[in-house]
Amino acid sequence: MASVRTSSILTLSGLAMLIPLVLGCNANQTDEAERERNQKTREEVAKATERAKPAIEEAGKKIGEAASKAADEARAAAEGVKEGWSRGGHQLLDINSASERELRNLPGITKQDALKIVDGRPYRDKHELVAKGILSDAAYMEIRDHITVAKRQ
């Protein structure tokens, strides 16, 4: 009976030693199969990208050209608005140099408002009329499209 136990123990211990080898082999085969799948996926994606590259480059070129054309048209439109505004007699009034009388011609500006504007000079930005407390937001909103602050050199 002792010999059966000994041989069983030896057999079991031998199996116990073989299990990691078998599992390791299986794990190695699984790792190898996964590496092969990953490599195949990378190759397929690389080929697809290579095939798509000319179309992507062409689309990018067309988008660039369209953006450039749109920018040119926007500039032309802005210049047209500026020219049309000037021709219509609606030139912007420089709040740093306009007379009291010119300021009073602005919509909603009273004689007192005009005097405050003159006294508050110089302005770096037209919104300073509100920031300095010279005009209310509502009064400023009425004249903001009619005034400017000319850039000094």
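The values are calculated or read from the model by the stated rules, or taken from the named source; none is laboratory data. Remember, predicted model here, so these are calculated numbers, not experimental data. Reconstructed Cβ throughout: ideal geometry from the backbone, glycine too, with neighbour counts over all protein chains shown.
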Next item on the list: Tell me, please, whether a residue that is touching an Asp or Glu at 6+ places or on another chain (Cβ under 9 Å), aliphatic (A, V, I, L, M) and either surrounded by 10 or more Cβ atoms within 10 Å (Cβ to Cβ) or on the phi > 0 side of the Ramachandran plot (or both) can be found in region 71-92.
Entry: yes
Margin query: Conditions first: (1) assigned to a helix (DSSP H, G or I); (2) surrounded by 12 or more Cβ atoms within 10 Å (Cβ to Cβ); (3) of a type outside the set (D, E, K, R). Ile109 passes all but one, so which condition is the exception?
Written below: (1)
Check: Quick check: anything in region 127-147 within 35 Å of the chain's Cα centre (by Cα), part of a loop (DSSP other than H, G, I, E, B) and of a type in the set (Phe, Trp, Tyr)?
Finding: no
Note to self: Condition first: within 35 Å of the chain's Cα centre (by Cα), within 30 Å of Val130 (Cβ to Cβ), modelled with pLDDT under 90 and among the β-branched types (Val, Ile, Thr). Can you find one or more residues in region 81-88 that meet it?
What the structure shows: yes
